[in-house]
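The values are calculated or read from the model by the stated rules, or taken from the named source; none is laboratory data. In this text the structure is predicted, and so the values were computed from the model without any measurement. Neighbour counts run over all protein chains shown; Cβ positions are idealised from the backbone, glycine included.
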Amino acid sequence: MRPITRILLQTTIAYESDDWHIGRFGLLREYLAGLRDDAGLPLYEVTARDRDPPGSPDRVLSQLDSSGYDELWLFAVDTGDGLTAADCQGISRFRRRGGGLLVARDHMDLGSSVCTLGGVGAAHFFHSRHPEPDPSRRCIDDTGTTSILWPNYHSGANGDYQRIEPVLPLHPVLADPEAPDGALRYLPAHPHEGAVGKPEHDASARVIATGRSQASGRVFNLAVAFEPSADGGPAIAQSTFHHFADYNWDPSRGSPSFVSETPGDGLARAPEAQRSVRRYVRNLASWLAAAAS
């Protein structure tokens, strides 16, 4: 019998009801857990958790390399202190032994504790730590929320969708056999996405998809893929965790009280965009499991 792939969905904060705790990614968990193979058997066993209280290493992340997990989907929702050195070391060892890794953050300094992650951390650019190397790209596209500084790319309202551009050659996580050109074209929108890019000296990495700001027209990177290599398993650096959050898939699920922007309903009215989002998630899970299969 085919061994089931074990996925850990994990935030970088301890549970807080009025924040982006792991319960706000419930639709993602349900979708992944519901995927089946041709025989009707589950493809994935999904665990969803928040980190342990801050001040000491997380008991799972710090020892992730010795766990039974095959993939870590890390939602960096902290303000800079979400991962300890021991957590980063455990995650880095996990990837070196072949584990699949998705790291998603958001605007400005949100999630900046991922900077010290081996390899993938270098693909994430923040305001106060590891800024974009090109000063001309340190810009604020969304001016509606004045407290949010760069990086800040406006792809649309929460609850709407954005059209994306795959970077050729087409990466497997963006393949869509049902699309006319064989490529995914839609992801959830967000008013202020973060910044990702190819680490300068990492030959295993490349930008695989871009978006376009609805405020400035500026093209920005949505995802960077790291191919499996002698240095580690497959990995993706994602511009925002909002591509996976319940609120962006269905705003009626609610958000933390500090979210002030008016949501849209474009995704709810676009079946093709909904299908594209689900296909992206399915592709991610399959590709990140490559080393485990």
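Would you check if there is a residue in segment 117-127 being closer than 19 Å to TYR44 by Cβ and surrounded by 24 or more Cβ atoms within 10 Å (Cβ to Cβ)? Checked against the condition, which is being closer than 19 Å to TYR44 by Cβ and surrounded by 24 or more Cβ atoms within 10 Å (Cβ to Cβ), segment 117-127 yields no hits at all. Against the list (1) in contact with a helix residue (DSSP H, G or I) (Cβ under 9 Å, 6 or more places away or on another chain); (2) within 16 Å of TYR280 (Cβ to Cβ); (3) at pLDDT 95 or above, the condition GLY211 fails is (1).
If you filter segment 136-163 down to residues that are of a type outside the set (Phe, Trp, Tyr) and farther than 27 Å from GLY82 by Cβ, you find that the one that is surrounded by the most Cβ atoms within 10 Å (Cβ to Cβ) is ASP160. Of all residues being of a type in the set (Lys, Arg) and in contact (Cβ under 8 Å) with a residue 24 or more places away in the chain in segment 88-139, which is nearest to HIS242 (Cα to Cα)? Just the residue, please. Only one residue fits best here, namely ARG105.
Yes/no per residue for (1) part of a loop (DSSP other than H, G, I, E, B); (2) within 19 Å of GLY26 (Cα to Cα); (3) of a type in the set (Gly, Ala, Ser):
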position	(1), (2), (3)
ALA209	no, no, yes
ALA223	no, no, yes
ARG269	yes, no, no
VAL277	no, yes, no
TYR280	no, yes, no
ASN283	no, yes, no
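Taking segment 99-194 and the strands (runs of 3 or more DSSP E) fully enclosed by it, the elements with 1 or more residues that are touching a helix residue (DSSP H, G or I) at 6+ places or on another chain (Cβ under 9 Å) and of a type in the set (Phe, Trp, Tyr) are at 161-163, 186-188.
Among the residues here, ASP134 does not qualify as of a type outside the set (Lys, Arg), touching a His at 6+ places or on another chain (Cβ under 7 Å), at pLDDT below 95 and closer than 16 Å to THR210 by Cβ.
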